[in-house]
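Participant: I have a structure I would like to understand better, so I am pasting it below and will then ask my questions one at a time.
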Amino acid sequence: MRAIYATDLSAASEAAIENETCLECLERIGVETIHLVTVVPSNVHPGMPGMNLEERRERALGRYQNVMEEAGFGVETHVVRGTPYRRINGIAETVRADLTIVGSRGQSPLANRVIGSTARNLARTTIVPLLVNRVEREDDDPQVLREHLFQRVLFATDFSDNAGRAFDAFSYLRHATQEATLVHVESPKDQSETDPESALSDLAETLEAWDIETEMEIRQGDPAEEILDVEAAVTPTTTLVGSRGRSRLRRLMLGSVSEEVVAQARGNVYLVPPPRTA
């Protein structure tokens, strides 16, 4: 597997990149090559007063590359200029990446709806599965909040094709997963004739055959609110959800269940988008 690791060279990025347990989890799910990507915003120039950006960037990327190579990964570095999420998506498409990883400082104080702009925009537009790796928000020397990335997974499903694609990610996540909680939220808008208990039981059987200890929850109410409530109760290391796509309208606004979970979850989030178009 090939992973894009997006870094803005901040303390939060460094905490995630240099965490040995996080790197071991990536190795367990099959990641072999990591493309370290940092994007220089178009309005930042090397000659700006008080900025020794080129030297700082080279030093940081070299240190990150050494850490990852010592952990056994093949590493390539990319320094590009432009809008971060667009350039990250562009590189992911060019190298045919299997996932993108981005660090986030966790819940925003602004009504808990806004996350870092790059993570937010990637959640809207990513072309490959996206791992949002939560890092302590307030600390000057932050640490990742839940370093065993996929040890305990909360999987949220509405039994759609999108959710099915997300569940398929267990085919590789299972190598790092010990426990899973499956949750379905029934809402007044539901039109499905699927028996949720039976459908969840079928999914649980699959996971238990892989020696993953599995629990099930069926809730009623607002899907995003209920999923986040379950996350707070069971404290998974990662919440796994599917995304409904990247329409032009949805690039302009948050509001889908998956994006609400990305924005407000306390722990890591693994977001699986629709398949690439040819």
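Participant: Want the number for GLU76 to SER160: 0.36 nm per residue separation, take away the alpha-carbon distance, what's left? All intermediate terms of the calculation are to be shown ahead of the outcome.
Facilitator: Details: separation 84, 0.36 × 84 = 30.24 nm, distance 3.63 nm.
Value of the extension gain: 26.6 nm.
Participant: I would also like to ask the following. Output the peptides 76-83, 90-97, 173-180 sorted from most to least packed, where packing is the average of other Cβ atoms within 10 Å over each peptide's residues. Each step should come with its number before you reach the end.
Facilitator: Numbers: 76-83: 14.2, 90-97: 16.5, 173-180: 20.4.
Going from most to least packed, we get 173-180, 90-97, 76-83.
Participant: Not counting ligands, DNA or RNA, and with a 1.4 Å probe, what is TYR172's accessible surface area in Å² rounded to the nearest 10?
Facilitator: The value for TYR172 is about 50 Å².
Participant: Moving on. Given H placed 1.01 Å from N in the peptide plane, which residues other than close sequence neighbours of GLY103 have an amide H under 5 Å from its amide H?
Facilitator: Those qualifying (amide H under 5 Å, at least 5 residues apart or on another chain) are ASN133.
The values are calculated or read from the model by the stated rules, or taken from the named source; none is laboratory data. Everything numeric here is computed off the predicted structure, so don't read it as measured data. Note that each Cβ is placed from the backbone with ideal geometry, even for glycine, and that neighbours are counted across all protein chains shown. When the accessible area is computed, the model is the full protein with side chains, heavy atoms only, and any ligands, DNA or RNA have been set aside. Shrake-Rupley method; radii C 1.70, N 1.55, O 1.52, S 1.80 Å.
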